[in-house]
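Since the structure comes first, as structure tokens, the remarks are kept for the end.
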């Protein structure tokens, strides 16, 4: 059976998923392939972009909020995490405004 998560660019994180995430940095750049303006994402909602450990260590592929989104008052934070429940490294992106 194939992993459905492996075929998507990002995965919406539930509150339970966020409890299994371990931050790897406190740092907080990409095209409009992420749900930056998706109206179903409220403040506090997150999505996850899976990456390899090597890509994270090289700080490659970090999702970046487009300036046009920030101009509309929609703000997101990005942090490197490890999701213990699915054993994946990646970026957790959380809407903060």
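Taking the residues in segment 18-39 that are buried (at least 17 other Cβ atoms within 10 Å of the Cβ) and modelled with pLDDT of 90 or more as candidates, determine which candidate is nearest to residue 95 (Cα to Cα). Across segment 18-39, the extreme among qualifying residues is 36. The condition of being more than 13 Å from the chain's Cα centre (by Cα), part of a loop (DSSP other than H, G, I, E, B) and at pLDDT 90 or above holds for residue 42.
Restricting attention to segment 65-84, which residues are in a loop (DSSP other than H, G, I, E, B) and within 16 Å of residue 19 (Cα to Cα)? Within segment 65-84, 84 is the sole residue that qualifies.
Residue by residue through segment 45-64, note down the ones that are outside any loop (DSSP other than H, G, I, E, B) and surrounded by fewer than 17 Cβ atoms within 10 Å (Cβ to Cβ). Walk me through how you get there before you give the answer.
Quick first cut of segment 45-64, residues outside any loop (DSSP other than H, G, I, E, B) only: 46-51, 53-57.
Residues satisfying the conditions are 53, 54, 55, 57.
The values are calculated or read from the model by the stated rules, or taken from the named source; none is laboratory data. Every value quoted in this text rests on a predicted model; they were computed, and no experiment measured them. Note that we place each Cβ from the backbone using ideal geometry, even for glycine, and neighbour counts take in every protein chain shown.
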